[in-house]
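Here's the structure we're looking at; comments come further down.
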Amino acid sequence: MTRETHPPHKIALLATGDEIARGDIINSNSQEIALRLVNAGMEVRMHMVAPDTIAEIEQAMRFLLDSHQALIITGGLGPTSDDLTRHALSQVLNRPLVFDDTTWEDICARLKRFGYPAPPESNRQQALFPADTTIISNPNGTASGCMAQHAGQFIFMLPGPPNECLPMIDSLVLPTLKQAGFQHVSYHQKWLLFGVSEGKIAEELDLLAKPFDCMTGYRLSYPYLEFKLHSSNQHDFNTLVPLIEKTIQPYLMGNGQQTASAMLRKKLADIHFTLGISDHATGGALEAALKTPKTHAQLQFSDKTAHVKIHGLTDFWQENHNVTETHLEMIFTNNKPQNKIGINIPFRGKRVIHYAVEFICYQIYLFLLQME
């Protein structure tokens with residue numbers, strides 16, 4: 001299994017909209033849809049963004065369909081003049097747009113519930129679909145989608161808002177692609193490594209994986225490095241995983257499946273006392289990372305009766321860029337004798353705070369485990 005291996009059923013994602021192409025909003029749909037497809041054992045190979053012109057949307061569709069067996073399109077199904085996706089798809093399929101009475105009735109009923117006695121005429125275009133497509137109803141909006149089969153390929157046209165398109169992914173797109181054979185046997189696992197050089201560990205892990213029919217991958221999210229292992233070979237995967245886990249053990253917090261802050265937030269929701277924290281290091285970043293509706297009652301950030309006192313990062317706050325490390329210190333005050341932990345954190349500008357917060361969270365998490 002290599003990065004040059006071409007799976008038999010490849011999926012492409014196309015997001016349309018000037019607001020995405022120009023950077024006004026983040027294309028969160030493609031990320032979430034890709035995650036759901038990959039977790040279902042499917043292969044997503046390409047993402048693309050097209051602005052709101054029929055010609056460029058059509059060009060993007062044709063390009064992606066030239067090398068993929070399924071295409072999922074999001075956006076451009078609203079009632080305004082810049083909602084042009086259905087027109088581009090009509091041209092790609094070479095099928096005329098046909099007005100669907102049932103969809104129009106649903107639009108009218110929905111708008112009436114929201115206080116429109118008569119729907120705006122512009123909404124009528126939302127009832128237009130290329131001929132011979134399967135309409136996907138939208139219980140969360142006026143923009144229904146559709147599914148087309150064309151030259152042995154599957155094409156899904158979905159609305160842009162995540163609360164509208166993602167339910168359609170779960171209810172129709174995933175089941176359809178599974179039934180069509182897009183789901184392949186795949187074994188995959190990922191771990192979060194803390195405070196390790198990407199270049200150093202990648203060289204070591206890639207060498208370890210080389211004899212096996214497995215593929216490695218990396219994603220940096222400082223101070224974590226996400227390491228991913230994929231394979232279609234169950235024997236090789238099961239043989240390699242223990243070797244990987246032995247190598248990465250020094251860099252794992254817990255089992256390496258969650259960030260330290262996520263682990264601590266979950267733990268805080270289970271304790272039956274108020275944890276006092278005196279934070280003179282992170283400038284409020286620790287409190288922001290930990291306080292949620294589920295945890296705020298278990299936390300008190302105050303110098304009084306603190307279970308944990310945190311100091312340091314002086315070089316960061318003094319903007320001393322002539323150092324390569326900055327010191328952090330934690331004191332757990334209810335231990336006898338008091339437990340003191342110190343660490344030198346690599347000086348990486350503002351990323352120092354991210355590193356410090358995750359390190360602190362893990363130490364507090366271990367502290368709470370000891371109190372059980």
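The values are calculated or read from the model by the stated rules, or taken from the named source; none is laboratory data. Just so we're clear, the structure is a prediction, and the values are computed from it rather than from any experiment. Cβ: placed from backbone, ideal geometry, glycine included. Neighbour counts: every protein chain shown.
What tally of residues in region 201-223 results from selecting those that are part of a strand (DSSP E or B) and within 25 Å of Glu358 (Cβ to Cβ)?
6
How many residues does region 251-279 contain that are touching a residue at least 12 places away in the same chain (Cβ under 8 Å), assigned to a helix (DSSP H, G or I) and either among the charged types (D, E, K, R) or exposed (fewer than 14 other Cβ atoms within 10 Å of the Cβ) (or both)?
Total satisfying the criteria: 2.
Does Asp236 satisfy the criteria of being under 32 Å from the mean Cα position of the chain (by Cα), at pLDDT below 90 and among the charged types (D, E, K, R)? I'd like the intermediate steps shown before the answer.
On the way: under 32 Å from the mean Cα position of the chain (by Cα): yes; at pLDDT below 90: no; among the charged types (D, E, K, R): yes.
No: the conditions fail for Asp236.
Can you name the number of the only condition in (1) over 29 Å from Phe63 (Cα atoms); (2) surrounded by fewer than 20 Cβ atoms within 10 Å (Cβ to Cβ); (3) hydroxyl-bearing (Ser, Thr, Tyr) that Thr103 fails?
(2)
Residues that are in contact with a Phe, Trp or Tyr (Cβ under 6 Å, 6 or more places away or on another chain) and over 21 Å from Gly141 (Cα atoms), at least 1 per element: which strands (runs of 3 or more DSSP E) completely within region 1-99 meet that?
On the way: elements: 10-16, 43-50, 70-74, 97-99.
Result: 70-74.
For region 205-236, give me each residue that is loosely packed, with under 13 Cβ neighbours inside 10 Å and in contact with a helix residue (DSSP H, G or I) (Cβ under 7 Å, 6 or more places away or on another chain).
Taking region 205-236 and keeping what is loosely packed, with under 13 Cβ neighbours inside 10 Å, we get 206-207, 210-211, 219-221, 234-235.
Selection gives Leu220 alone.
If the requirement is being of a type in the set (S, T, N, Q) and within 16 Å of Leu65 (Cβ to Cβ), which of these qualifies: Gln126, Gln153? First the steps, then the outcome.
Numbers: Gln126 fails: within 16 Å of Leu65 (Cβ to Cβ).
Unique residue meeting the criteria: Gln153.
Of all residues in region 280-335, which are at pLDDT 90 or above, assigned to a loop (DSSP other than H, G, I, E, B) and in contact with a Gly (Cβ under 7 Å, 6 or more places away or on another chain)?
Ala281, His307
Quick check on my filter: what residues within region 140-153 are assigned to a strand (DSSP E or B) and either outside the structural domain of Cys108 (by TED's automatic domain parsing) or over 13 Å from Met61 (Cβ atoms) (or both)?
Listed by number, the residues that qualify are Gly145, Cys146, Met147, Gln149.
In region 184-200, how many are outside any strand (DSSP E or B), out of contact with any helix residue (DSSP H, G or I) (no Cβ under 7 Å at 6 or more places or on another chain) and buried (at least 16 other Cβ atoms within 10 Å of the Cβ)? So that I can check it myself, show each step before the final result.
Initial filter on region 184-200 (outside any strand (DSSP E or B)): 184-186, 195-200.
Going one step further and asking which of them are out of contact with any helix residue (DSSP H, G or I) (no Cβ under 7 Å at 6 or more places or on another chain), we end up with 184-186, 197-200.
Those left that are additionally buried (at least 16 other Cβ atoms within 10 Å of the Cβ): 186.
The number of residues fulfilling the criteria is 1.
Checking Arg45 against (1) closer than 14 Å to Leu14 by Cα; (2) at pLDDT 95 or above, which single condition isn't satisfied?
Among (1) closer than 14 Å to Leu14 by Cα; (2) at pLDDT 95 or above, the lone unmet condition for Arg45 is (2).
Can we say Leu111 is in the same structural domain as Lys228 (by TED's automatic domain parsing) and at negative phi?
Values: in the same structural domain as Lys228 (by TED's automatic domain parsing): no; at negative phi: yes.
No.
Could you give every pair whose Cβ atoms fall below 8 Å, whose first residue belongs to region 196-218 and is over 28 Å from Phe347 (Cβ atoms), and whose second residue is in a loop (DSSP other than H, G, I, E, B) and among the aliphatic types (A, V, I, L, M), counting only separations of at least 6 or pairs across chains?
Asp213/Met1; Cys214/Met1; Met215/Met1
What number of residues in region 336-372 are in a strand (DSSP E or B) and either touching a Pro at 6+ places or on another chain (Cβ under 8 Å) or closer than 16 Å to Pro223 by Cα (or both)?
Pass one, region 336-372, residues in a strand (DSSP E or B): 339-346.
Filter once more, so that each one left must be either touching a Pro at 6+ places or on another chain (Cβ under 8 Å) or closer than 16 Å to Pro223 by Cα (or both): 343-346.
Number of matching residues: 4.
Looking at region 106-136 only, could you name the residues that are touching a Lys or Arg at 6+ places or on another chain (Cβ under 7 Å) and surrounded by fewer than 17 Cβ atoms within 10 Å (Cβ to Cβ)? Walk me through it before giving the result.
Within region 106-136, the first condition is being touching a Lys or Arg at 6+ places or on another chain (Cβ under 7 Å), and the residues that meet it are 128-132.
If the condition is that a residue be touching a Lys or Arg at 6+ places or on another chain (Cβ under 7 Å) and surrounded by fewer than 17 Cβ atoms within 10 Å (Cβ to Cβ), then Ala131, Asp132 are the ones that fit.
Any residue in region 158-172 that is of a type in the set (A, V, I, L, M), without any contact (Cβ under 8 Å) to a residue 40 or more places away in the chain, touching a strand residue (DSSP E or B) at 6+ places or on another chain (Cβ under 8 Å) and assigned to a loop (DSSP other than H, G, I, E, B)?
First pass over region 158-172, keeping only residues of a type in the set (A, V, I, L, M): 158, 166, 168-169, 172.
From what is left, the residues that are without any contact (Cβ under 8 Å) to a residue 40 or more places away in the chain are 168, 172.
Adding the requirement that they be touching a strand residue (DSSP E or B) at 6+ places or on another chain (Cβ under 8 Å) leaves 168, 172.
Now drop any that are not assigned to a loop (DSSP other than H, G, I, E, B), which leaves none.
Looking through region 158-172, none of the residues is of a type in the set (A, V, I, L, M), without any contact (Cβ under 8 Å) to a residue 40 or more places away in the chain, touching a strand residue (DSSP E or B) at 6+ places or on another chain (Cβ under 8 Å) and assigned to a loop (DSSP other than H, G, I, E, B).
Does region 36-49 include one or more residues that are farther than 19 Å from Ile169 by Cα and buried (at least 21 other Cβ atoms within 10 Å of the Cβ)? Give the steps one after another, and end with the answer.
In the first step, residues of region 36-49 are kept if they are farther than 19 Å from Ile169 by Cα; the result is none.
Taking every residue of region 36-49 in turn, none turns out to be farther than 19 Å from Ile169 by Cα and buried (at least 21 other Cβ atoms within 10 Å of the Cβ).
Just to be sure before I move on: is Lys228 of a type in the set (Lys, Arg), modelled with pLDDT under 95 and within 27 Å of Met42 (Cβ to Cβ) in the structure I sent? Can you show your working first?
Details: of a type in the set (Lys, Arg): yes; modelled with pLDDT under 95: yes; within 27 Å of Met42 (Cβ to Cβ): yes.
Considered against the rule, which asks whether it is of a type in the set (Lys, Arg), modelled with pLDDT under 95 and within 27 Å of Met42 (Cβ to Cβ), Lys228 comes out as yes.
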